[in-house]
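Below is one structure, written out as structure tokens; comments come after it.
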Amino acid sequence: MASYSYISWAQLEAALLQRLQDTSGVYTTTAEAAVYLTEALRVLNAQTAWQPAEFSFPFNPGDTWKSINVSGSPRQRTVTDAQVQTQMEYMLLEPPNGLVWTGTNQFNITNLEQALQYRRDELLQMTGANVTNITNINSPLNSTRTILTDSTLDLRRVRWIPDSSVSTQTPYALGKSDVVATDAYGYSAGVTPGSPDTFLITANPPLTFDVNCPPNAPGEWDMLAIYAENAFSPPTATVLGLPDDWCWVAMYGALADALANSPEARDAIREKYCRMRYERGMKAMMALPWLLDATINGLPVDTPSFKAMDAFAQNWEQTWPVGDPQIVVGGMDFIALAPFVLTGGVAVSSVLKVVGNAPVSQSASVQLSREGIDAVLAYAQHIASFKMGGADFLATMPLLKQFEDYCAMQNRRYAALGIFRADMLEEGNKVEELDRRFEKSVVQEKPVPIKGAE
């Protein structure tokens, strides 16, 4: 594979330290500089998708829904709370010891870790970044209610699989509804057994869902749900569970919370800045591109959402024509093959074109086109100045604008190079087209500007 080789990571670090007028690494060490450069490259990829990658992803006999967050994937999630915590300590002028606190009383590991986990969990809910397939949950017989585990953040799909030993019904996906529609449709539906066709969650107690009528046969639920990630447990490092190039969003949310604490940690200017970065980042994450294209056995295939497939062909998992395979999107980094590869079948080879993680290896050349170096250095210099606070930090806001202007220019250039770039970037987000989780964004459209930084 072709790669850039004109500038090494060490040279990029040296260039950043030169900009900071700290070539001896007195105030910013090379390790710290590497942290800021890593963030710059990841934010660049998050905003421009400049690192597309091809990933061979086989479907084997017996496979159903699969995550591409696996070893060897260009989208494998690797960033840990320890790495994010270390950067936060750098930015707050505390000793960078990760999850072992040796700093001042102004902050502490418990507050920072809790803030980071709260923001991570909020992002998982808002962006649907962790969709999971839940199976082997028995459907009720004399009731309409099913209880979910407390790891469930949101329920996206419910499919009923009747017991084939006592029922001739084929599996099918239920639609979404609410208690008002159900009550209006049938007065006795909630007590008369039948074939459920909708599930209801809007007026239910937390961690439960109802169906419009008690199932008239034993069976199981096959569900897609957004799940919580593992809780942090310092001093042991835990993978954050967000896409690597977007972990900075959770970090700025956590920093905003830390800098809002009174009295010692309070810093209104930087708290507002971090909140602005978090809100903008969260809004962007809700529509982030990740899947660009897919082929099976070398031929291009469609990538519809599960919602479109359910509407077009119920029980597509088993009945979809083998000669017309599709890659079905269940959520971010979560896909299935239509039809499912049945036990006893043959493996199917697919190649996914995805937005890979930004390459940040410190032992290799920087994988970035020459014209992007200045923008990356500008962003890294801006973030390296965060610890100065006050007017000195605000004076670097034009560097952030320079970086964002470069990202916007690159997006305009990419759009001009192709005819359907906007459609290509939406390949992985088709679920939201037919199954929106939000009527409108809860993130403010225009973040409040930081006084003195307009």
(message) Which numbered condition in (1) buried (at least 20 other Cβ atoms within 10 Å of the Cβ); (2) under 30 Å from Met88 (Cα atoms); (3) modelled with pLDDT under 95 is the only one that Pro325 fails?
(response) (2)
(request) Tally the residues that are farther than 30 Å from Asn230 by Cβ, out of contact with any helix residue (DSSP H, G or I) (no Cβ under 9 Å at 6 or more places or on another chain) and surrounded by 12 or more Cβ atoms within 10 Å (Cβ to Cβ), restricting the search to the range 161-173. (result) 5
(request) Starting from residues that are closer than 17 Å to Ala284 by Cα and among the β-branched types (Val, Ile, Thr), keep the ones in the range 388-443 and report whichever is nearest to the chain's Cα centre (by Cα). (result) Val431
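Go through the range 241-267 and give me each residue that's more than 20 Å from Pro289 (Cβ to Cβ) and of a type in the set (A, V, I, L, M, F, W, C). Even if it seems obvious, please write down each step before you answer.
Pass one, the range 241-267, residues more than 20 Å from Pro289 (Cβ to Cβ): 251-267.
Across the range 241-267, the qualifying residues are Met251, Ala254, Leu255, Ala256, Ala258, Leu259, Ala260, Ala265.
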(message) Please verify whether Ala237 is at pLDDT 95 or above, of a type in the set (A, V, I, L, M) and more than 24 Å from Leu434 (Cα to Cα), treating the condition exactly as stated.
(response) yes
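Being modelled with pLDDT under 95, in contact with a strand residue (DSSP E or B) (Cβ under 6 Å, 6 or more places away or on another chain) and either buried (at least 20 other Cβ atoms within 10 Å of the Cβ) or not polar (S, T, N, Q) (or both): is that true of Val341 here? Before you say what the answer is, go through the steps one by one.
Working: modelled with pLDDT under 95: yes; in contact with a strand residue (DSSP E or B) (Cβ under 6 Å, 6 or more places away or on another chain): yes; either buried (at least 20 other Cβ atoms within 10 Å of the Cβ) or not polar (S, T, N, Q) (or both): yes.
Against the criterion (modelled with pLDDT under 95, in contact with a strand residue (DSSP E or B) (Cβ under 6 Å, 6 or more places away or on another chain) and either buried (at least 20 other Cβ atoms within 10 Å of the Cβ) or not polar (S, T, N, Q) (or both)), Val341 qualifies.
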(request) For residues that are under 20 Å from Pro74 (Cα atoms) and in contact with a Gly (Cβ under 6 Å, 6 or more places away or on another chain), scanning just the range 267-300, find the one that is surrounded by the fewest Cβ atoms within 10 Å (Cβ to Cβ). (result) Trp290
(message) Would you confirm whether or not the range 223-230 contains a residue that is surrounded by fewer than 20 Cβ atoms within 10 Å (Cβ to Cβ), touching a strand residue (DSSP E or B) at 6+ places or on another chain (Cβ under 8 Å) and without any contact (Cβ under 8 Å) to a residue 60 or more places away in the chain?
(response) yes
(request) Test each condition in (1) touching a helix residue (DSSP H, G or I) at 6+ places or on another chain (Cβ under 8 Å); (2) in a helix (DSSP H, G or I); (3) surrounded by fewer than 18 Cβ atoms within 10 Å (Cβ to Cβ) for Ala380 and report the one that comes out false. (result) (3)
(request) Look at Leu207 and say whether it is at positive phi, under 25 Å from the mean Cα position of the chain (by Cα) and among the aliphatic types (A, V, I, L, M). (result) yes
(request) Take the range 143-179 and flag every residue that is in contact (Cβ under 8 Å) with a residue 60 or more places away in the chain, more than 11 Å from Ile201 (Cβ to Cβ) and in contact with a Gly (Cβ under 8 Å, 6 or more places away or on another chain). (result) Thr144, Arg157, Trp160, Ile161
(message) Step by step: first the residues of the range 206-234, then only those that are over 16 Å from Thr135 (Cβ atoms) and hydroxyl-bearing (Ser, Thr, Tyr), then the one that is modelled with the highest pLDDT. Which residue is that?
(response) Thr208
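Take the conditions more than 26 Å from Tyr278 (Cβ to Cβ), at pLDDT 95 or above and buried (at least 21 other Cβ atoms within 10 Å of the Cβ) and apply them to Leu12. Does it pass? Steps first, answer last, please.
On the way: more than 26 Å from Tyr278 (Cβ to Cβ): yes; at pLDDT 95 or above: yes; buried (at least 21 other Cβ atoms within 10 Å of the Cβ): yes.
Yes; evaluated as a whole, the condition is true for this residue.
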(request) Please verify whether the range 104-119 includes one or more residues that are polar (S, T, N, Q), in contact with a Leu (Cβ under 8 Å, 6 or more places away or on another chain), in a helix (DSSP H, G or I) and buried (at least 20 other Cβ atoms within 10 Å of the Cβ). (result) no
(message) Checking the structure you have, find out if any residue of the range 144-156 is among the basic types (Lys, Arg) and either buried (at least 19 other Cβ atoms within 10 Å of the Cβ) or in contact with a His (Cβ under 8 Å, 6 or more places away or on another chain) (or both).
(response) yes
(request) Looking for whichever is in contact (Cβ under 8 Å) with a residue 60 or more places away in the chain and surrounded by 16 or more Cβ atoms within 10 Å (Cβ to Cβ) here; the options are Ser361, Ser349, Ser365. Which one fits? (result) Ser365
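The values are calculated or read from the model by the stated rules, or taken from the named source; none is laboratory data. Computed from a predicted model, the values in this text were never measured in an experiment. Don't worry about glycine lacking a Cβ; one is built from the backbone with ideal geometry, like all the others, and counts go over all protein chains shown.
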